[in-house]
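Please read the structure below before turning to the comments.
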Amino acid sequence: MDRRPDMDALAAAKRRQYVKKKKRERVIIVSLLLVTILAVWGLIFSILYQLRASTLPPPVETGSTEALPPVETTARLPQETIATAPPTTQSLTLTADDLHTGDLILVSTLLGRAYVFPKDESGLLTLYGNKSDSYRVSSSAIRLKTEVVRALDTMFDACFAETGCRDYQITQGYRTLEMQTEIYDSYRETYGEEQGALLAAMPGYSEHHSGLAFDMNVYTSAGVSYSLGTAGQTDPVYNWIYDNAAKYGFILRYPESKTGVTGITNEPWHFRYVGRGHAAYMTENGLTLEEYIALLYKYPENGEHLSFTYDGVSYEVFCKKAGADGTATVTLPADADYAVSGDNDAGFIVTLIKAVAAD
């Protein structure tokens with residue numbers, strides 16, 4: 001069957017209508033999709049806004065005096081400028097036990113000051129195997145306070161460096177009560193009661209109990225020994241100890257002219273450690289330990305102090321009397337270097353130590 005021209009025109013018109021219809025449908029679908037998407041996003045934003053609004057503080061009313069906390073306008077100072085100033089003094093509490101310890105304790109038969117033995121002997125050091133090679137020791141059992149051994153090392157090292165001599169020999173050091181009793185009884189038996197008491201201290205009243213005192217002689221490399229009091233007649237080098245002991249803190253404890261003060265006859269071999277400054281002052285002024293302690297009693301804490309300088313160091317010394325219970329409190333400069341010793345009786349000796357500035 002042949003197609004008519006009007007039929008072709010009609011078919012073409014229907015196709016155009018169909019295409020237009022499909023386009024309208026697509027536009028409608030796309031529009032609906034966009035509207036849906038926008039609606040969903042709007043809902044999401046609305047929810048998010050409400051959530052955020054719930055976490056914010058309530059709005060501030062205009063004119064409210066409590067709207068905001070006051071602003072601190074005062075500037076803060078650096079920590080260093082507002083810190084409390086350091087104390088200028090320090091308080092030192094001394095006990096009854098401290099009365100009987102220290103480099104200046106006075107042990108004396110004549111004054112009735114017995115040595116108060118500590119609970120143990122932990123402060124003692126055996127010389128043998130612990131000293132320098134610049135001097136000798138007669139027994140491996142001799143012991144002294146550790147600080148005394150170190151001062152001996154320094155002194156005799158200096159002696160050897162200066163003279164080449166290492167013949168000084170320590171013969172006696174610390175003694176127990178039993179050891180002193182044996183010596184005392186032997187002297188009384190040999191020299192009689194009165195003379196024996198002058199030659200040896202009563203048990204409990206010997207400086208050797210303290211570990212601060214020692215006896216010595218001279219023992220040469222040839223195996224010859226001399227008493228220290230006469231060794232200088234053999235060789236003047238052995239007088240070095242008398243000229244230099246004070247520089248290292250030692251004093252000749254019982255000089256020939258002071259028996260009436262010490263109660264002990266001349267012992268040119270017996271030395272005692274008291275510390276450098278005190279030893280220098282005592283030696284320069286010809287004082288025994290008894291005389292020096294008596295002098296220091298004239299210088300109380302709240303008064304004039306004994307002041308002197310030795311070898312570039314200034315010393316300021318005063319006494320503090322103990323209370324009825326044996327205790328005392330001392331006020332010192334906060335930055336002070338100091339040493340404290342009991343007098344072995346009723347008070348304390350305080351020494352302030354300060355280096356002297358060089359010119």
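The values are calculated or read from the model by the stated rules, or taken from the named source; none is laboratory data. Please read these numbers as outputs of a predicted model, since none were measured by experiment. Don't worry about glycine lacking a Cβ; one is built from the backbone with ideal geometry, like all the others, and counts go over all protein chains shown. Ligands, DNA and RNA are stripped out before the accessible areas are found, and what is left, the full protein with its side chains, is counted by its heavy atoms. Shrake-Rupley method; radii C 1.70, N 1.55, O 1.52, S 1.80 Å.
The table below lists the values:
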| item | result |
| --- | --- |
| Checklist (1) polar (S, T, N, Q); (2) within 19 Å of TYR254 (Cα to Cα); (3) open to solvent by less than 30 Å² (accessible area, probe 1.4 Å) applied to THR220, failing item | (2) |
| Qualifying positions in segment 126-141 - crowded, with 19+ Cβ neighbours inside 10 Å and under 12 Å from GLY173 (Cα atoms) | LEU127, VAL137 |
| Any hit, segment 89-100, residues being surrounded by fewer than 13 Cβ atoms within 10 Å (Cβ to Cβ) and at pLDDT below 50 | no |
| Tally, over segment 295-316, of residues that are surrounded by 15 or more Cβ atoms within 10 Å (Cβ to Cβ), within 18 Å of ILE251 (Cα to Cα) and either in contact (Cβ under 8 Å) with a residue 12 or more places away in the chain or in contact with a Ser or Thr (Cβ under 8 Å, 6 or more places away or on another chain) (or both) | 4 |
| The one condition in (1) assigned to a helix (DSSP H, G or I); (2) modelled with pLDDT under 95 that HIS209 fails to fulfil | (2) |
| Residues of segment 259-268 classified as without any contact (Cβ under 8 Å) to a residue 60 or more places away in the chain and over 11 Å from LEU110 (Cβ atoms), total | 3 |
| Scan of segment 271-294 for residues that are open to solvent by 10 Å² or more (accessible area, probe 1.4 Å) and among the β-branched types (Val, Ile, Thr), ordered by number | THR283 |
| In segment 232-241, residue least open to solvent (accessible area, probe 1.4 Å) [restricted to those that are in contact with a helix residue (DSSP H, G or I) (Cβ under 8 Å, 6 or more places away or on another chain) and free of Cβ contacts under 8 Å to residues at least 24 places away in the same chain] | GLY232 |
| Filtered residue count, segment 263-294, keeping only those that are within 22 Å of LYS321 (Cα to Cα), in a helix (DSSP H, G or I) and over 30 Å from the mean Cα position of the chain (by Cα) | 3 |
| Close pairs (6 angstrom Cβ cut-off, 6 or more residues apart or separate chains): within 27 Å of VAL261 (Cβ to Cβ) and at pLDDT below 95 in segment 107-125, of a type in the set (Asp, Glu) and buried (at least 18 other Cβ atoms within 10 Å of the Cβ) anywhere | none |
| Condition met for THR259 (over 26 Å from LEU198 (Cβ atoms), open to solvent by 10 Å² or more (accessible area, probe 1.4 Å) and of a type in the set (S, T, N, Q)) | no |
| Out of TYR205, TYR174, TYR184, sole residue that is open to solvent by 50 Å² or more (accessible area, probe 1.4 Å) and of a type in the set (Phe, Trp, Tyr) | TYR205 |
| Qualifying residue in segment 320-331 (condition: in contact with a Lys or Arg (Cβ under 9 Å, 6 or more places away or on another chain) and within 23 Å of ALA213 (Cβ to Cβ)) | no |
| Matching residues in segment 192-230 - criterion: being aliphatic (A, V, I, L, M) and free of Cβ contacts under 8 Å to residues at least 40 places away in the same chain | ALA200, ALA222, VAL224 |
